[in-house]
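Inspection log for the structure reproduced underneath, given as structure tokens.
The values are calculated or read from the model by the stated rules, or taken from the named source; none is laboratory data. Worth saying up front: this structure is predicted, and the values here are computed from it rather than measured. Here Cβ is always computed from backbone atoms with ideal geometry, including for glycine, and neighbour counts include all displayed protein chains.
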Amino acid sequence: MEHLAAAAATGAGRKRRRASVGSTEHYEEISRLGKGNFGAVVKARHRVTGQTVAIKRLTLDDADGGFVEDPMREASLHEACAGHPFIVGFHGIVRNPSTSRLCLVMECVDGPSLHDYLHHQRRGLPKLPEATVRAVMWQLLTAAKKMHDSRIVHRDIKPEKILVGGDHRAVKICDFGLAMSLSEAPPYEQAGTLFYKAPR
């Protein structure tokens, strides 16, 4: 697949580079991993290679007149941050032949969200050691630096958008649906989750 990073760095008026698009028929769905306001994420296996991935199906309907996710835009922003150990890996784009809708294929992190992990920790288990908290914060700040060095602002980092690896040694930021490139011209739309926004 052609590199999409250049698309994230281009201005709003420039044409994006073409990317090869696969098909969802190349994957066998295993289970649903989660559902959000803009779509669902499923765990799937590539029929030929056997690789396990996460496929994000976007819902593009905008019944409330709010922000609508653009899969090509999200893919370009994700690709611009590719290869970082604390950001969920991006594998490409696939099209569902029955609906013609585009889906994002990403690394499947075999673990809960940080939100779910912390929720289970409250049930009588000892608090996380300070060294663990410091390590997690270092990983998140390192990931944020990678995004900012790529001129990308996530705009919605919260425990639900942070995945805990299966070995519980690393966390990874996911979901670039509300992210933006600093090359986009202002004005910028309000984005993010109210409870995690700084007061105005």
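Tell me, yes or no, whether segment 122-142 has at least one residue that is closer than 30 Å to H26 by Cβ and surrounded by 14 or more Cβ atoms within 10 Å (Cβ to Cβ). Checked against the condition, which is being closer than 30 Å to H26 by Cβ and surrounded by 14 or more Cβ atoms within 10 Å (Cβ to Cβ), segment 122-142 yields no hits at all. When segment 97-121 is filtered for residues that are touching a residue at least 12 places away in the same chain (Cβ under 8 Å) and exposed (fewer than 11 other Cβ atoms within 10 Å of the Cβ), only P97 remains.
Yes/no matrix, rows are residues, columns are (1) assigned to a loop (DSSP other than H, G, I, E, B); (2) under 21 Å from P112 (Cα atoms); (3) modelled with pLDDT of 95 or more:
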{"residue": "A12", "(1), (2), (3)": "yes, no, no"}
{"residue": "K15", "(1), (2), (3)": "yes, no, no"}
{"residue": "A19", "(1), (2), (3)": "yes, no, no"}
{"residue": "E25", "(1), (2), (3)": "no, no, yes"}
{"residue": "G34", "(1), (2), (3)": "no, yes, no"}
{"residue": "V42", "(1), (2), (3)": "no, yes, yes"}
{"residue": "T49", "(1), (2), (3)": "yes, no, yes"}
{"residue": "V53", "(1), (2), (3)": "no, yes, yes"}
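Does A135 satisfy the criteria of being in contact with a strand residue (DSSP E or B) (Cβ under 6 Å, 6 or more places away or on another chain) and either closer than 18 Å to K161 by Cβ or at pLDDT 90 or above (or both)? So A135 does not fit the description; no. Filtered by the rule that a residue be among the β-branched types (V, I, T) and assigned to a loop (DSSP other than H, G, I, E, B), segment 95-149 gives T99, V109. Would a scan of segment 90-110 turn up a residue that is of a type in the set (F, W, Y) and either within 16 Å of the chain's Cα centre (by Cα) or at pLDDT 95 or above (or both)? Yes: one or more hits. Kindly indicate which of Y188, Y196 is over 18 Å from A40 (Cβ atoms) and free of Cβ contacts under 8 Å to residues at least 24 places away in the same chain. None of the other options fit; the residue is Y188.
Please specify each residue of segment 57-78 satisfying the condition of being among the small types (G, A, S) and modelled with pLDDT under 55. Walk me through it before giving the result.
Step one: list which residues in segment 57-78 are among the small types (G, A, S), which gives 63, 65-66, 75-76.
Of everything in segment 57-78, those that are among the small types (G, A, S) and modelled with pLDDT under 55 turn out to be A63, G65, G66.
Residue check: is G111 more than 30 Å from D70 (Cβ to Cβ), in contact with an Asp or Glu (Cβ under 9 Å, 6 or more places away or on another chain) and not polar (S, T, N, Q)? Considered against the rule, which asks whether it is more than 30 Å from D70 (Cβ to Cβ), in contact with an Asp or Glu (Cβ under 9 Å, 6 or more places away or on another chain) and not polar (S, T, N, Q), G111 comes out as no.
Scanning segment 150-178 for residues that are within 15 Å of the chain's Cα centre (by Cα), in a loop (DSSP other than H, G, I, E, B) and not acidic (D, E) yields H154, R155, I157, K158, G165, C174, F176, G177, L178.
The set of residues from segment 177-200 being modelled with pLDDT of 70 or more and small (G, A, S) comprises G177, A179, S181, S183, A185, A191, G192.
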